[in-house]
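To start, the structure itself, in structure tokens.
The values are calculated or read from the model by the stated rules, or taken from the named source; none is laboratory data. Note that this is a predicted model, so its numbers are computed, not measured. Note that each Cβ is placed from the backbone with ideal geometry, even for glycine, and that neighbours are counted across all protein chains shown.
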Amino acid sequence: MAVAVTLLFDPVATASVREIWHRMAELGISSSMLDLHYPPHLTLIVVEDEGLAGQLDRALPDLAQDARLNLTLGPPGRFIDTDVVWLGVEGAGLRELQAKAASLVGDAAIAPHYRPHAWVPHATLQTAGHADAALELAHTMWPTQQAAEVRTIELVGFSPIVTLKRLGV
């Protein structure tokens, strides 16, 4: 089982992202994110070695102290040669928080796309489906940028996604 450290957004931002997820499903573009049964989020790190879960669990309160961030979601984007469509995420302190989380386990333990030098902060809109249609819909439904606040930090195991620890920030 892999583990991840994730950030969850305020109710307004969460509802806005879910609206896109539901519209994509209604149009037959993708239901991949709804199928996860997990809220809209930003993943800081993914670690394949579940033996590191205890270390991350113990460090989560320290990470939570730095996780009360004001973020901006958008614009939409797509990872090249994939069906993954997402909203970009920016905010003061975000990269520092991700680097702090990564330092807890070291780069070698982190999935390659989640290592600090390669990490692209994003909230996923789909992982599988019709990428061109998803990206077009996202551009139609999403303003250039929208404010979001981080409300929760979680340590999760997957797959399926199971919350191992949750802290408000």
Of 150, 156, which residue is under 18 Å from residue 57 (Cβ atoms), β-branched (Val, Ile, Thr) and part of a strand (DSSP E or B)?
156
Can you report the number of residues in region 113-161 which are in contact with a strand residue (DSSP E or B) (Cβ under 7 Å, 6 or more places away or on another chain), closer than 21 Å to residue 48 by Cα and modelled with pLDDT of 95 or more?
10
If you go through region 90-112 one residue at a time, do you hit one that is touching a strand residue (DSSP E or B) at 6+ places or on another chain (Cβ under 9 Å), within 21 Å of residue 126 (Cβ to Cβ) and assigned to a loop (DSSP other than H, G, I, E, B)?
yes
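Here is a yes/no grid of residues against (1) closer than 20 Å to residue 4 by Cα; (2) part of a strand (DSSP E or B):
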position	(1), (2)
55	yes, no
62	yes, no
75	no, yes
117	yes, no
124	yes, yes
129	no, no
139	no, no
Single residue of 118, 123, 131 found to be of a type in the set (Gly, Ala, Ser) and within 17 Å of residue 72 (Cα to Cα)
123
Output the residues belonging to region 40-53 that are of a type outside the set (A, V, I, L, M, F, W, C), in contact (Cβ under 8 Å) with a residue 24 or more places away in the chain and in a helix (DSSP H, G or I).
50
Those residues of region 66-90 which are out of contact with any Gly (no Cβ under 8 Å at 6 or more places or on another chain), touching a residue at least 24 places away in the same chain (Cβ under 8 Å) and not hydrophobic (A, V, I, L, M, F, W, C), in sequence order
68, 78, 82, 90
Pick from region 48-76 the residues that are of a type in the set (Asp, Glu) and more than 14 Å from residue 154 (Cα to Cα): which of them is nearest to the chain's Cα centre (by Cα)?
48
When restricted to 37, 22, the only residue of a type outside the set (A, V, I, L, M, F, W, C) and free of Cβ contacts under 8 Å to residues at least 40 places away in the same chain is 22
Looking at (1) more than 14 Å from the chain's Cα centre (by Cα); (2) part of a helix (DSSP H, G or I), can you tell me which one residue 144 breaks?
(2)
I'd like the full set of residues that are over 19 Å from residue 88 (Cβ atoms) and polar (S, T, N, Q), limited to region 33-61.
55
Does residue 68 satisfy the criteria of being in a loop (DSSP other than H, G, I, E, B) and more than 28 Å from residue 130 (Cβ to Cβ)?
yes
